[in-house]
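Below is one structure; the comments refer to it alone.
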Amino acid sequence: MHDKSINSELIKEKLHEHAFLFLEPIYSDSTIDNFNCKFECIFSKQKKPRRYVDALDIYKLGLIEDVFTPKLISLIYNIFPEPILYHCHSYEIDGFNSKPHISNDNFLDGWHRDMDCIHDLEKREIQHVSLFVYLTNVGDNDGAFEICDKKLGYFPRLFRSSNFYSIKGNKGSSFLFNRTAIHRASANENAVNRRVLKISFQSKTTLSNDLDSNTSSHDKGFKIIEVQKLLPKSNLLLRALFGDKEIKNSDVNLAIKEVFKNTNMSALDSRSSYRINTDMNLLSEFRGYVRDCFYVNKLLNFKIKRRFAALKTSK
């Protein structure tokens, strides 16, 4: 069923309450085929079980404006008036796997929260959003993305009071999800490598870890900065999205009005069709609680360090 009035408040509410929101396809079949064709030359040179095409690769392939269409830019700026990218890449995972591919998260059968999300627990609203676009068909045993609506807080609820969803779909299927929600990629047991396009974004006022060249996972963030320096000066919205701090909010507001005039995006209220039964035994419940306590402790420590640094600077 189409929700015709897709606006920022509706999106944020659904992502907060249900953890994900299924969208109408963002790209045509021919565009998806073009992504796959051009990405293949980069994926094929990598030997790791999880392979990446990063933002700089996408730029060099001449695909940045194919990825960031007016429709996608409108969607992002609709959710956060002052957005900034956190991820911009495609990745694929091997087939013939009996376990979720993030091996260090198999403490809880692959279920995890994104630990790099600095979530402000004092704010109820959504703060970290990712867009997934399947670049391959994802059916049974194809490594479908799975998510749980278990809330985050100082005293996390147990899994038994939560709902689980497995998001299957043909190539081109698109959905948003709350990055702080418990989620995983299920085991890709079939032969075909599961491939997605991932765009993560948040408000530029949202706290984030400082980029550190010694942290390997931050490499994708540095690539986003490299792309920002290469973007044409005339593309204000894309430059702002990629983190150009010199662009004024007033200029962005004028530019986005023109984009909003020519785009329309619909959400599909169909989460019930993705619901699954997941048996979380007592050990899993305990592990989930331990993991959430560890995450909340990390957030509190980050907040304390920021306040201490601010006090030190003000003296």
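The values are calculated or read from the model by the stated rules, or taken from the named source; none is laboratory data. Keep in mind that what you see is a predicted model, and the values were worked out from it rather than measured. Heads up, the Cβs are rebuilt from the backbone with ideal geometry, glycines too, and the neighbour counts pull from every protein chain shown. Ligands, DNA and RNA are excluded from the accessible area calculation, which covers all protein heavy atoms including side chains. Shrake-Rupley method; radii C 1.70, N 1.55, O 1.52, S 1.80 Å.
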Pairs where the first residue, in the range 283-296, is open to solvent by less than 60 Å² (accessible area, probe 1.4 Å) and the second is of a type in the set (Lys, Arg), C-beta under 6 Å, 6+ apart: Tyr295/Arg113
Here are some residues: Ile76, Ile167, Ile84. Which one is aliphatic (A, V, I, L, M), in contact (Cβ under 8 Å) with a residue 24 or more places away in the chain and within 18 Å of Glu17 (Cα to Cα)? Ile167
Qualifying positions in the range 223-242 - open to solvent by 20 Å² or more (accessible area, probe 1.4 Å) and within 17 Å of the chain's Cα centre (by Cα): Lys223
Among (1) open to solvent by less than 10 Å² (accessible area, probe 1.4 Å); (2) touching a Cys at 6+ places or on another chain (Cβ under 9 Å); (3) not aromatic (Phe, Trp, Tyr), Ile76 falls short only on (2)
When Leu131 is evaluated against the numbered criteria (1) closer than 23 Å to Arg287 by Cβ; (2) buried (at least 19 other Cβ atoms within 10 Å of the Cβ), which criterion, by number, is the only one it fails? (1)
Does Pro70 fit the bill of being modelled with pLDDT of 95 or more, under 17 Å from Asn253 (Cα atoms) and not aliphatic (A, V, I, L, M)? no
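Within the range 25-45, count every residue that is loosely packed, with under 15 Cβ neighbours inside 10 Å and either at positive phi or not in a helix (DSSP H, G or I) (or both). Spell out the reasoning first.
Taking the range 25-45 and keeping what is loosely packed, with under 15 Cβ neighbours inside 10 Å, we get 28-30, 33, 37, 40-41, 44-45.
Now restrict to residues that are either at positive phi or not in a helix (DSSP H, G or I) (or both): 28, 44-45.
The total comes to 3.
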Can you say whether Leu211 is hydrophobic (A, V, I, L, M, F, W, C), touching a helix residue (DSSP H, G or I) at 6+ places or on another chain (Cβ under 7 Å), open to solvent by 60 Å² or more (accessible area, probe 1.4 Å) and closer than 15 Å to His87 by Cβ, as far as the supplied structure shows? yes
Need the failing condition index for Leu254 against (1) in a loop (DSSP other than H, G, I, E, B); (2) open to solvent by 70 Å² or more (accessible area, probe 1.4 Å); (3) over 25 Å from Lys123 (Cα atoms), just the number. (1)
